[in-house]
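K.L.:
First the structure, which I've put down as structure tokens, then a few questions once you've had a look.
Derivation of every value follows stated rules applied to the coordinates shown; laboratory data play no part. Just so you know, these numbers come straight off a predicted model, no measurement behind them. Neighbour counts are summed over all protein chains in view; Cβ atoms, including those assigned to glycine, are modelled from backbone coordinates with ideal geometry.
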Amino acid sequence: MRIREAVLLVSVALLVSGCKGRMFPAGQGNLSADPAASGSSQEAAQTGLKVMQSLVRTENFQGLGFSSADQVKNAQLGDPLKIYSVPLDALTAYKGDANAAGLLHDAHKLIYPVTVDQQVVSSLSATQRDDGWRATEFGNSALTRALVAHRASKDDFVVWVPALKIYFTARGEGEGLVLTTIMDDPRFEFKAGEAIPASRAFAVLQKSASGYNGLPQ
């Protein structure tokens, strides 16, 4: 094993041992790693799954969503969800236009649910960088379960508003873009499972975005 790879695995193991089941806004997850770049997101995800399986221990399995350290041996990848983000400046400038899909920016990232016996227990992310795709984040079980629970088909994708820490599953395009909230959010009176035209959802979010002070919410 090369020295660089050995150092990487030791660093990742230390990170895993301290994870506490956090969500993953703004590029954060339960664990961030940097395996070698792959030519496709699927290849990167398969590599990431092997990394996850090699790093799960009795002291960290719960933080990654597993019920036991042995459970990870049966882990498989589910159908990925592509992520689109909505930048704060685009949201604050939104004027209620019909084509709300214009606010979406490709995040060059996919979330792969990690399943055991067809149940979502964890996840990993594959991120596209200049040199290819890499597995970058592991864990985020609560968020991933919510996304999968409100996914109507494998073609659905994720819309993420980082500044407001809110996620939707989404389908359609152009003026037909529809967002589905994945959990109750009293800030905006959104209910889990509620399908909302994107133009209306973004109009509601725009009011909060306009007064956003940049502090964590």
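K.L.:
Using only the alpha-carbon atoms of region 93-217, report the extent along each of the three principal axes, biggest first, to the nearest angstrom.
P.N.:
42, 34, 31
K.L.:
Right, another one. Restricting to Cα pairs below 8 Å that are 6+ residues apart, what does the relative contact order work out to for region 90-153? Please round to a whole percent.
P.N.:
23 percent
K.L.:
Same structure again: For the cross-link pairs 109/191; 50/165; 82/165; 154/191; 165/207; 165/191, which exceed 20 Å when the distance is taken from alpha carbon to alpha carbon?
P.N.:
Cα-Cα > 20 Å for 109/191; 50/165; 154/191; rest within.
K.L.:
How high is the FRET efficiency from residue 191 to residue 57, r the C-beta distance, R0 35 Å, rounded to 0.05? Walk me through the numbers before you get to the answer.
P.N.:
Values: r = 39 Å, r/R0 = 1.11.
So the FRET efficiency works out to roughly 0.35.
K.L.:
Sticking with this one: Consider all pairwise Cα distances in region 59-153 and report the whole-number % of them above 15 Å. Before the final figure, lay out each step's value.
P.N.:
Values: 2958 of 4465 pairs.
The proportion of pairs with Cα distances above 15 Å equals 66 percent.
K.L.:
Output the peptides 63-70, 52-59 sorted from most to least packed, where packing is the average of other Cβ atoms within 10 Å over each peptide's residues.
P.N.:
Highest-to-lowest ranking by the protection proxy: 63-70, 52-59.
K.L.:
With r defined as the distance between the Cβ atoms of residue 92 and residue 175 and R0 fixed at 30 Å, what FRET efficiency is calculated, to the nearest 0.05?
P.N.:
Working: r = 21 Å, r/R0 = 0.71.
It comes to 0.90.
K.L.:
Could you tell me the calculated FRET efficiency between residue 155 and residue 73, based on Cβ-Cβ distance and R0 = 22 angstrom, to the nearest 0.05?
P.N.:
0.10
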